[in-house]
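What follows is one structure encoded as structure tokens, with my remarks underneath.
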Number of protein chains: 2
Amino acid sequence: MALIVVGSMAFDQIETPFGRSDRIVGGAATYIAWSASNFVHPVRQISVVGGDFPQAELDALAARGVDLEGVQVQKDRKSFFWSGRYHMDMNSRDTLETQLNVLEDFNPVVPERYQDSEFLMLGNLAPAVQLSVIRQMRRKPRLTVLDTMNFWMETAMSDLEKVLHEVDVLLINDSEARQLSAQYSLIRAAREIMKMGPRYLVIKKGEHGALLFYQDQVFVAPALPLEEVFDPTGAGDTFAGGFIGYLARTRNTSFENMKSGVIAGSAMASFCVEKFGTLRIQEVGKEEVHSRIRQFIDLVNFDINLLD
Amino acid sequence: MALIVVGSMAFDQIETPFGRSDRIVGGAATYIAWSASNFVHPVRQISVVGGDFPQAELDALAARGVDLEGVQVQKDRKSFFWSGRYHMDMNSRDTLETQLNVLEDFNPVVPERYQDSEFLMLGNLAPAVQLSVIRQMRRKPRLTVLDTMNFWMETAMSDLEKVLHEVDVLLINDSEARQLSAQYSLIRAAREIMKMGPRYLVIKKGEHGALLFYQDQVFVAPALPLEEVFDPTGAGDTFAGGFIGYLARTRNTSFENMKSGVIAGSAMASFCVEKFGTLRIQEVGKEEVHSRIRQFIDLVNFDINLLD
């Protein structure tokens, strides 16, 4: 049930209406690994960092059962850096600065001992890089999940179309689903997107939860209503980690089990937004994860009487 | 288990990105009555119409088990009229014209035979009118549910505060909850609003579903993902009718049963938006309502395995 995670490991600097972070560790693959490691071992990481990336972070991930053989360290270069500012509603943000650094020419290499992995999570990255990992796998993984974003739809659409044909599940947010499909209705958007390759589609709606689509079926997962969203950075990646982590752990890729994966992902994401960066998801353990998942069960459970 | 419904019976003229209606029958109490009549009899209506209100509409409601003794007909005046235009997202709208007409000086009278009603639904109207009905009830109903809107928060807040102290459940939408509480977080908004009187609060979020609050508990109901929202007019009123109709039918006002009421309301609202005005909710019968409620069960049901 080994899981490969591909994505950035990086630095972020974040401003929200509630405060401003220093330059802190972030990156899609960092969030995914922390989140997935609550469910599955080993998590096999593929990424690239510069000499500035803290060894203590790498050690902490390794202690959590994350295999770092696939993480290239380019001693003389700098890690990817992103800074952004969230608007008052915490659902939209402006990018203040992006420094690609080591990501500019990232050439991922799948280590030999990763080759038997059954699950592959392609975190948000250039579609050509995601495709390179898929092509290096000698055996098609049991399940490949892709995350992407609007930036690649605008700058690398033909690569993205190729990747979409190779994956089983696509995770995107609602505005990206609308952009990718040119449909406003999410039901119609899902239908169009599933024609592009993925058999399953998860549309993330932030505080409004997530939708899972398969053929003509839909599942709706709530988000946990929170008193305060402190920092939404990485919530989508944390969702992805919980989703594929749960599927890898249970080794069950049915639509029914994917519903539970969406709940596991939603539970993990609800932790992520409680503190800056990865702080909160580094803290949580099995007890807290189970208790949060139980909250999700209570949140949506009802027993209705169909009346005569 | 008789239910009193108070609210407008009126004419609407609606423009959406998909089309434009003629002057059609609408009004909060019209939608509520159609919706609630799927669950409970009698529905006892309190409203006012002008001589222009079609007798055929009144006859159709009567045939559905709606008692119209409390509906005043002012032969020489005109019914309330509203026209509006929905934006592309169908979640926001502009009012083009409002003619109060008979609503300007509406003085509701509770007929003697309504006095034994256990359930009272106060549809959106001036808070002073809602309060007048409450004061006329010789015995406090088992459950009083209030709908209101931002307009009354801006023009009649002190009356609204009085009504809030007299009701058990408040139904409002998310932007109204934020306005009423001066809190952005809906969790905090709910806490503030429940201090104003209602023990239960339903926050409607349109296509994103609804939240039910009671003490420190929350229930999240999805909206049915629809291929097309044709006309959202009356969806909130139709929700209210399904909600209180279900509670009145089951004569159970517990938090657990209120969750089912929210699902019944959501199911009814999902019909309402499929056609202009009340067209769709006039058509549906028990079979379709049950089948739609079953869709809601499938929509949120999952069976997660808490892992060791």
Checklist line | Qualifying positions in segment B:159-187 - within 14 Å of chain A (Cβ to nearest Cβ) and surrounded by 16 or more Cβ atoms within 10 Å (Cβ to Cβ) | finding: B:ASN173, B:ASP174, B:ALA177, B:ARG178, B:SER181, B:GLN183, B:SER185, B:LEU186, B:ILE187
Notebook entry, point to check: Of the residues in segment B:284-296, how many are in contact with a Phe, Trp or Tyr (Cβ under 9 Å, 6 or more places away or on another chain), within 11 Å of chain A (Cβ to nearest Cβ) and without any contact (Cβ under 8 Å) to a residue 60 or more places away in the chain?
Noted result: 0
Notebook entry, point to check: Which residues, counting only those in segment B:220-236, are β-branched (Val, Ile, Thr) and over 20 Å from B:GLU15 (Cβ atoms)?
Noted result: B:VAL220
Note to self: Just to verify a result, which residue in segment A:15-42, among those that are more than 12 Å from the chain's Cα centre (by Cα) and within 14 Å of chain B (Cβ to nearest Cβ), is nearest to A:GLY84 (Cα to Cα)?
What the structure shows: A:THR16
Item checked: In segment A:16-64, the residues that are acidic (Asp, Glu) and either modelled with pLDDT under 95 or outside any loop (DSSP other than H, G, I, E, B) (or both) -> A:ASP22, A:GLU57, A:ASP59
Notebook entry, point to check: Among strands (runs of 3 or more DSSP E) lying entirely in segment B:65-127, which contain 2 or more residues that are in contact with a helix residue (DSSP H, G or I) (Cβ under 9 Å, 6 or more places away or on another chain)?
Noted result: B:66-74, B:119-122
Next item on the list: Please enumerate the residues belonging to segment B:189-240 that are free of Cβ contacts under 8 Å to residues at least 24 places away in the same chain, surrounded by 24 or more Cβ atoms within 10 Å (Cβ to Cβ) and away from every other protein chain (no Cβ under 13 Å).
Entry: none
Item checked: Looking only at segment B:241-262, and only at residues there that are away from chain A (no Cβ under 11 Å) and among the polar types (S, T, N, Q), the one that is farthest from B:LYS286 (Cα to Cα) -> B:SER254
Check: Is segment B:212-221 home to any residue that is small (Gly, Ala, Ser) and farther than 21 Å from B:THR148 by Cα?
Finding: no
Next item on the list: Starting from residues that are part of a loop (DSSP other than H, G, I, E, B) and more than 22 Å from A:PHE219 (Cβ to Cβ), keep the ones in segment B:256-308 and report whichever is farthest from the chain's Cα centre (by Cα).
Entry: B:ASP308
Notebook entry, point to check: In segment A:263-283, what count of residues is obtained for those that are surrounded by 13 or more Cβ atoms within 10 Å (Cβ to Cβ) and either within 14 Å of another protein chain (Cβ to nearest Cβ) or out of contact with any helix residue (DSSP H, G or I) (no Cβ under 7 Å at 6 or more places or on another chain) (or both)?
Noted result: 13
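The values are calculated or read from the model by the stated rules, or taken from the named source; none is laboratory data. What you see is a predicted model, and the numbers here were worked out from it, not measured in a lab. For neighbour counting, all protein chains shown are included, and Cβ atoms are generated from backbone atoms with ideal geometry for every residue, glycine included.
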